[in-house]
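A.B. asks: Okay, here's the structure, questions in a sec.
Coordinate-derived values only; no laboratory data. None of these values were measured; they are calculated from a predicted model. Neighbour counts run over all protein chains shown; Cβ positions are idealised from the backbone, glycine included.
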Amino acid sequence: MHPPERKEYANSKALVRLPIPSELVVSMSQHLGAPAKPIKEKGDHVEKGEKIALASSFISADVHSPVSGTIKDIRKVTMANSVTCDAFVIEPDPQQHEAFTKKVDYQDYSKEKLLEEIKDKGIVGLGGATFPLHVKITIPAGRKVDALVINGVECEPYLTADHRLMLERTKEVLEGIMICNRILNPARTIIGIEENKKDAALALEKEIELRSLPIEVCLLRMKYPQGDEKQLINATIGREIPSGKLPLDVGAVVVNVGTTYAVYEALAYGKPLYERIVTVTGDCIAQPCNVIAPIGAKVKDLIAFAGGFSKEPDKLVSGGPMMGFAFYDEETPIAKGTSGILAITDEKDYRKSACLNCGKCVAACPIGLVPTKLYSLITHARYEEAMANHLMDCKECGCCSFSCPAHLDLVHAMKFGKRMGRKK
Amino acid sequence: MRTVSTSPHLHSGADTQRIMLYVVYALLPSCAWGVFVFGLRAALVLAVSLAAAVLTEYLLDLVSKESTLWDCSAIVTGLLVGMNMPPAISLYIPAIASVFAIAVVKWTFGGLGANWANPAMAGRVFVFFSFTSQMSTFSLPRTIKAVEVASQASPLSLVKTVASSGQSVGLTSMQILAQQGVATSSFADRVQAATGIRAYNVDAFFGNIPGCIGEVSKLLLILGGIYLLMKKVITWHIPVSFIGSFAVLTWVFGGLPLGLGFFHGEVLASILRGGLILGAFFMATDMVTSPVTHKGMLVFGCGCGAFTFLFRTFGSLPEATSVAILLMNIVTPTIDRFMKPRLFGEVKKGGAQG
């Protein structure tokens, strides 16, 4: 599958920092798993990087304030992925102090201490799935990891955040990778990068050689959805994860490059995850850019920073165009998982025809499903049969809908079918 | 206004209407050749089948309160029906075939996408069995040297008739055609003189033989097929396995009915005669009625090839391609059931994962 890349909007734009907006909305649910539990109240003053909510279960993550400021309110907010949850509304102080600029020596930290720090700094997977990192890299007794795969694929069109990060923060990314390496102690550590980011691959290789790090760079041919864990593990170390299994079952752990950078900052500066790189791009954005934005900044702030709209967009998307969520409210805040904000002209054709049985979706599915069959089962409410036909293996990567000449909402059906199937 | 929809927010641009139009473009050169060699009468036949198909679709749209004309599938069906007609046929026959194709084969099963048989193919078979003699009488193309007769059986049925009469044991089909005084074009004669390629094959390749309007020019049909491959409307799986399996079986067993023994089948001549090329590139590849997986397409194509070979070689009727494809259309859901793609991470039984 080769969707148009559209990376040229922002892939040459150096990272810039978003000025602190006048109001931040920090959600309690910006990670996979249970929402965090607030530990501050309305009216409280918080420092930059101070913990404002605690992980509430095993799979959950702490949330920190991106600024020093006052909690004006705790209210419900609807995120771009339509999840509604509690959020702190924070008014930043007019004067922001420098914080987390002093280097910490973490070289003699034990594995346990490293993991503890990662948990304490609220680090989650920044590739989009936002799985709490400390859970992912705590290997249960009796399991073995022999490959650490670093995901620098960024296969979603438009997005360039990881590309710029690898290019501009090469040393830091590698140091972050080495921290993960120390925790997991794998036989191999491999960075997977697609060919359209050759410059980043070269920069990494050069630095690896200079410091003789035990890291390999694996340049991959362009192929969507190569950034998916299953596909990436297969592409880099040639192992296929069976249906319903995890990377750990084939001895691998996948960590996104953005996450490794957050790990580096957490340990080298004690800095919690309260900001991230967001690619603000699309044909309707005046000056596409890769911006370091505090979590909780509103989409309208990011768009204004990118010069506003060059023309009225048909669609706002959080994330990439293949798997991202369309939303309409510019007041929506960004979260830890927001890799991009797209403002685009809608190219989709909504004139559906009947399914022609052409098999393009079957040829496109990277998992080997028969989307047309699943679609027909789901639209006939035969959810259990759909589950028996491996509906749960669907990654919602969008390849089927992208290829469908009848313009059927295959991914929509899969999402719906999974929901209905789980209910039973 | 902002649209909110489920991902993905990009699309490949593939489109039902465009697919149908590509098929029409791919068929047009062959139609044009048919009109050129058989005259304006052929154009009339094409026009009638096209009009009947589109009109039927329109009227049925009124009945079911839908609008499906835009998808252009009726144009493809109408054109294919016309291409499968002898040029001199009475005009009510292509009309009946088109109406049957659209109304009975497609509409009653739920319209485009729900039909189990290729409409044009089923329409052709329907009128073939209803009006067999008219459907088997062909005009001579204008490119053939003047002879007294105005019409003739197709080379395929001629050879079959002679062979089954038992008067030609040990003769190749080429020799039979020569013995029957079948004429060739002067162009083919020159090619034979210059290259040694049999004039009958040259004529069959370029379309200088009696036959259906749209199925005579193999050259233009193959070019049309290549165009569809380039436009990714079809994949190679069905045409290659169809023609390939047919060729192998013909080579091994095709000589038997002529008393030539094993491994004496005339592969090239057999491929170039009848509706095989049209069927393999344009009818068997019909998306609706062929399997969805590439593995399944290979099985489907091999089945089509094998049945075409069986019916042609040992059956009593001269034309076999359409019946073979129709038969495989019936098997398509079963093929889809068993020929599933390999699930990611699934290991073959007994195999180990590396």
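A.B. asks: Can you give the average number of partner chain beta-carbon atoms within 10 Å of each beta-carbon in peptide A:329-342, as a whole number?
C.D. replies: Working: counts 2, 1, 0, 0, 0, 0, 0, 0, 0, 0, 0, 0, 0, 1.
Taking all residues of A:329-342 together, the mean is 0.
A.B. asks: Let me ask something else. Just flag the GluC sites (Glu not before Pro) in the stretch A:319-424 sitting in loop per DSSP whose Cβ has no more than 15 other Cβ atoms within 10 Å.
C.D. replies: Values: sites: A:Glu330, A:Glu331, A:Glu347, A:Glu384, A:Glu385, A:Glu396; in loops: A:Glu330, A:Glu331, A:Glu347, A:Glu396.
Sparse-neighbourhood loop GluC sites (Glu not before Pro): A:Glu331, A:Glu347.
A.B. asks: What's the local net charge at A:Asn290, with K and R +1, D and E -1, over the other residues with C-beta under 12 Å away? Walk me through the intermediate numbers first.
C.D. replies: On the way: positive: A:Lys7, A:Lys13, A:Arg17, A:Arg164, A:Arg169, A:Arg276; negative: A:Glu154, A:Asp162, A:Glu168.
Every neighbour counted, the sum reads +3.
A.B. asks: List the relative contact order of the stretch A:275-373 as a percent without decimals, with contacts defined as Cα pairs under 8 Å and 6+ residues apart.
C.D. replies: Values: 175 pairs, mean separation 27.8, N = 99.
It comes to 28 percent, rounded to a whole number.
A.B. asks: Regarding the stretch A:231-358, what is the average projected area of its C-alpha convex hull, in nm²?
C.D. replies: Values: hull surface 47.2 nm².
The number I arrive at for the stretch A:231-358 is 11.8 nm².
A.B. asks: Below 8 Å between Cα atoms, with a sequence gap of 6+, how large is the relative contact order for the stretch B:251-332 in percent?
C.D. replies: Numbers: 82 pairs, mean separation 20.3, N = 82.
Averaging sequence separation for qualifying contacts and normalising by length gives 25 percent for the stretch B:251-332.
A.B. asks: Something else: Go through the stretch B:198-304 and name the chymotrypsin sites (Phe, Trp or Tyr not before Pro) that are in a DSSP coil and have 11 or fewer other Cβ atoms within 10 Å of their Cβ.
C.D. replies: On the way: sites: B:Tyr200, B:Phe205, B:Phe206, B:Tyr227, B:Trp236, B:Phe242, B:Phe246, B:Trp251, B:Phe253, B:Phe262, B:Phe263, B:Phe281, B:Phe282, B:Phe300; in loops: B:Trp236, B:Phe262, B:Phe263.
Of the chymotrypsin sites (Phe, Trp or Tyr not before Pro), the ones in loops of the stretch B:198-304 whose Cβ has at most 11 other Cβ atoms within 10 Å are B:Phe262, B:Phe263.
A.B. asks: Give me the inter-chain shielding for A:307-316: mean count of other chain Cβ atoms within 10 Å, whole number please. Provide the component values of the computation, followed by the final result.
C.D. replies: Working: counts 0, 0, 0, 0, 0, 2, 2, 4, 5, 4.
Shielding by partners across A:307-316 averages 2.
A.B. asks: Could I ask something else about it? So what J values fall out for the stretch B:269-276 if you push phi through Karplus, 6.51 cos²θ - 1.76 cosθ + 1.60 with θ = phi - 60°, rounded to Hz, Gly and Pro as x?
C.D. replies: 4, 5, 5, 7, 9, x, x, 4
A.B. asks: Chain B: longest stretch without exposed trypsin sites (Lys or Arg not before Pro) (DSSP loop, at most 16 other Cβ within 10 Å), sites themselves excluded? Spell out each step's value before the answer.
C.D. replies: Details: sites that count: B:Arg2, B:Lys65, B:Arg142, B:Lys145, B:Lys231, B:Lys232, B:Arg342, B:Lys348, B:Lys349.
The longest uninterrupted stretch comes out as B:233-341.
A.B. asks: Can you give the Rg to Rh ratio of the stretch A:171-263, both from alpha-carbon atoms, with Rh computed by the Kirkwood formula? Mind dumping the intermediate values first?
C.D. replies: Details: Rg = 13.1 Å, Rh = 13.8 Å.
My calculation puts Rg/Rh at 0.95.
A.B. asks: Check cross-link reach from A:Lys271 to the lysines: straight Cα distance under 18 Å, and skip same-chain residues fewer than eight apart.
C.D. replies: A:Lys48, A:Lys51, A:Lys102, A:Lys103, A:Lys113, A:Lys119, A:Lys121, A:Lys171, A:Lys336
A.B. asks: Just to check I understand the Karplus step: with θ = phi - 60° and J = 6.51 cos²θ - 1.76 cosθ + 1.60, what whole-Hz values come out for the stretch A:286-296, glycine and proline as x?
C.D. replies: Along the stretch A:286-296, the couplings run 5, 10, x, 7, 10, 10, 8, 10, x, 4, x Hz.
A.B. asks: Still on this model: Can you check what the Kirkwood hydrodynamic radius comes to for chain A, Cα pairs only, in Å to one decimal?
C.D. replies: Here the Kirkwood hydrodynamic radius works out to 22.2 Å.
A.B. asks: Moving on to the next point. Would you kindly derive the ³J(HN,Hα) couplings of the stretch B:246-258 from the backbone phi angles with the Karplus curve 6.51 cos²θ - 1.76 cosθ + 1.60 (θ = phi - 60°), listing them in order in whole Hz, with x for Gly and Pro?
C.D. replies: 4, 5, 5, 4, 5, 4, 6, 10, x, x, 4, x, 8
A.B. asks: Can you give me the orientation-averaged projected area of the convex hull built on the Cα atoms of the protein assembly as shown, in nm²? Each step should come with its number before you reach the end.
C.D. replies: Numbers: hull surface 157.6 nm².
So the mean shadow area of the Cα hull is 39.4 nm².
A.B. asks: Add -39500 (n - 2.57) for each DSSP H run of 4 or more in the protein assembly as shown, then divide by its residues: what number comes out at 222 nm, to the nearest 500 deg cm²/dmol?
C.D. replies: Numbers: 28 runs with 311 residues, N = 778.
Mean residue ellipticity, 222 nm, calculated: -12000 deg cm²/dmol.
A.B. asks: Could you tally the net charge around A:Gly128, taking each other residue with its Cβ under 13 Å from the Cβ of A:Gly128, Lys/Arg +1 and Asp/Glu -1? Display every interim value, and only then the final one.
C.D. replies: Numbers: positive: A:Arg276, A:Lys336, A:Lys395; negative: A:Glu154, A:Glu156, A:Asp162, A:Asp228, A:Glu229, A:Glu396.
Within the 13 Å Cβ shell, the charges total -3.
A.B. asks: What residue among A:Lys352, A:Lys121, A:Lys171 has the largest mean-square fluctuation in a Gaussian network model of chain A, using Cα springs under 10 Å?
C.D. replies: A:Lys352
A.B. asks: Continuing with this model, one more query. Name the residues whose placed amide hydrogens come within less than 5 Å of the amide hydrogen of A:Val217, ignoring near sequence neighbours (fewer than 5 apart) on the same chain.
C.D. replies: Excluding prolines and chain starts, which carry no amide H, the hits are A:Ile191.
A.B. asks: Report the GluC sites (Glu not before Pro) located in the stretch A:80-185 that are in a DSSP loop and have at most 14 other Cβ atoms inside 10 Å of their Cβ, or state none. Walk me through the intermediate numbers first.
C.D. replies: On the way: sites: A:Glu98, A:Glu112, A:Glu116, A:Glu117, A:Glu154, A:Glu168, A:Glu172, A:Glu175; in loops: A:Glu98, A:Glu154.
Taking the stretch A:80-185 and a limit of 14 other Cβ atoms within 10 Å, the loop GluC sites (Glu not before Pro) found are A:Glu98.
A.B. asks: Which ordering of A:His31, A:His2, A:His407, A:His64 is given by a fewest-first count of other beta-carbon atoms within 10 Å?
C.D. replies: Numbers: A:His31 29, A:His2 10, A:His407 17, A:His64 23.
Fewest-to-most Cβ neighbours within 10 Å comes out as A:His2, A:His407, A:His64, A:His31.
A.B. asks: Evaluate peptide B:286-297: per residue, the Cβ atoms of other protein chains within 10 Å of its Cβ; return the mean as an integer.
C.D. replies: Details: counts 3, 7, 5, 1, 3, 3, 13, 5, 3, 0, 2, 1.
The mean count of partner-chain Cβ atoms within 10 Å per residue comes to 4.
A.B. asks: Moving on. Quick one: divide the alpha-carbon radius of gyration of chain B by 2.2 N^0.38 Å and tell me what you get.
C.D. replies: On the way: Rg = 21.4 Å, N = 354, 2.2 N^0.38 = 20.5 Å.
Compactness ratio reported: 1.05.
A.B. asks: Helix hunt in chain A: which complete DSSP H runs extend at least 15 Å axially by C-alpha with mean Kyte-Doolittle at least 0.0? Kindly include the intermediate steps, with their values, before the conclusion.
C.D. replies: Details: long enough: A:170-184 (21 Å, 0.65); A:198-210 (18 Å, -0.04); A:257-268 (16 Å, 0.81); A:410-423 (20 Å, -0.59).
Helices meeting the criterion: A:170-184, A:257-268.
A.B. asks: Same structure, new question: If you rank B:Glu346, A:Glu156 by fewest surrounding Cβ atoms within 10 Å, what's the result? Walk me through the numbers before you get to the answer.
C.D. replies: Values: B:Glu346 18, A:Glu156 31.
Lowest count first: B:Glu346, A:Glu156.
A.B. asks: A follow-up question, please. Hey, rough spin-label estimate for A:Tyr328 and B:Leu268, points 7 angstrom out along Cα→Cβ, what's it come to in nanometres?
C.D. replies: Output for this residue pair reads 6.7 nm.
A.B. asks: Another question, then. If eta is 1.002 mPa s and T is 20 °C, what Stokes-Einstein diffusion coefficient results for the stretch A:328-394, Kirkwood Rh from Cα pairs, in µm²/s?
C.D. replies: On the way: Rh = 15.2 Å.
Reported coefficient: 141 µm²/s.
A.B. asks: What relative contact order, as a whole-number percentage, does chain B give when Cα pairs under 8 Å and 6 or more residues apart are counted?
C.D. replies: Numbers: 570 pairs, mean separation 59.2, N = 354.
Reported as a whole number, the value is 17 percent.
A.B. asks: Next question. Using amide H atoms built 1.01 Å from N in the peptide plane, name the residues 5+ places from A:Ala53, or on other chains, whose amide H lies under 5 Å from its own.
C.D. replies: A:Ile39, A:Val63
A.B. asks: Under a point-charge model restricted to the Cβ atoms of Lys and Arg (+1) and Asp and Glu (-1), what is the dipole moment magnitude of the protein assembly as shown relative to its Cα centre, in debye to the nearest 20?
C.D. replies: On the way: 77 positive and 68 negative charges, 314 e Å.
Using only the charged Cβ atoms, the result is roughly 1520 debye.
A.B. asks: Would you mind giving the average projected area, over all directions, of the Cα convex hull of the stretch B:1-83 in nm² with one decimal? Could the numbers behind the result be given before it?
C.D. replies: Values: hull surface 31.2 nm².
The orientation-averaged projected area of the Cα hull of the stretch B:1-83 comes to 7.8 nm².
A.B. asks: How far is it, in nm, from the label point at A:Leu248 to the one at A:Met222 when both lie 7 Å from their Cα along the line to the Cβ?
C.D. replies: A separation of 3.7 nm, rounded to one decimal place.
A.B. asks: Within the set A:Lys72/A:Lys230; A:Lys352/B:Lys340; A:Lys206/A:Lys245, which residue pairs have Cα atoms separated by over 32 Å? It would help to have the intermediate numbers written out before the result.
C.D. replies: On the way: A:Lys72/A:Lys230 43 Å; A:Lys352/B:Lys340 26 Å; A:Lys206/A:Lys245 35 Å.
Cα-Cα > 32 Å for A:Lys72/A:Lys230; A:Lys206/A:Lys245; rest within.
A.B. asks: Here's a follow-up. Check B:Gly207: other-chain or 5+ apart residues with amide H under 5 Å from its amide H, H built from backbone geometry?
C.D. replies: When sequence neighbours closer than 5 places are left aside, the close amide H contacts are B:Lys218.
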